[in-house]
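**Student:** One structure follows; several queries about it will come next.
The values are calculated or read from the model by the stated rules, or taken from the named source; none is laboratory data. Because the structure is predicted, anything quoted here is derived from the model rather than measured. Here Cβ is always computed from backbone atoms with ideal geometry, including for glycine, and neighbour counts include all displayed protein chains.
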Amino acid sequence: MIHDFPTDNPIPLSEGLLDLEPEAFTVQDTAPSAPIILLSAAFGLICGMIGLFLMYAVNGYTLELSIGVGLICLSIGLIFSSVGLTTLAGSSALVSNLAFGCGVIVISVMFFALCTLSGALAATLIILSTT
């Protein structure tokens, strides 16, 4: 079955089929931003320390509960600061900024643990060598 379409009034190509805006082809900024990552990680750590201090020293809760609340404050501070700074910068790299911010915190904690263990080992060796 063959249809005969009317050809007396064809659709011109300039009525929206090929009218593409140049803004449609711009590349969005999806690369993570180092200042946003570092500021978010710093703000998250500050919120975590404040939460730990308030729960342990001010309210007198146990250390385990205070550490848990401190970690929750750290996470909330990291998320809010990363979302806020990414929004203010006009970037669309929210997920990568959050992931790298968490990575910076994990690497910082691992470095602190390594320094603590090496310091404890050095102190033990010094004490053993002096006796």
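**Student:** Would you check if residue 31 is assigned to a helix (DSSP H, G or I) and modelled with pLDDT under 85?
**Tutor:** Taking the combined requirement at face value, the residue does not satisfy it.
**Student:** Among 90, 101, which is the only one that is under 22 Å from residue 34 (Cα atoms), of a type outside the set (Lys, Arg), out of contact with any helix residue (DSSP H, G or I) (no Cβ under 7 Å at 6 or more places or on another chain) and touching a residue at least 60 places away in the same chain (Cβ under 8 Å)?
**Tutor:** Being under 22 Å from residue 34 (Cα atoms), of a type outside the set (Lys, Arg), out of contact with any helix residue (DSSP H, G or I) (no Cβ under 7 Å at 6 or more places or on another chain) and touching a residue at least 60 places away in the same chain (Cβ under 8 Å) holds for just one of 90, 101, which is 90.
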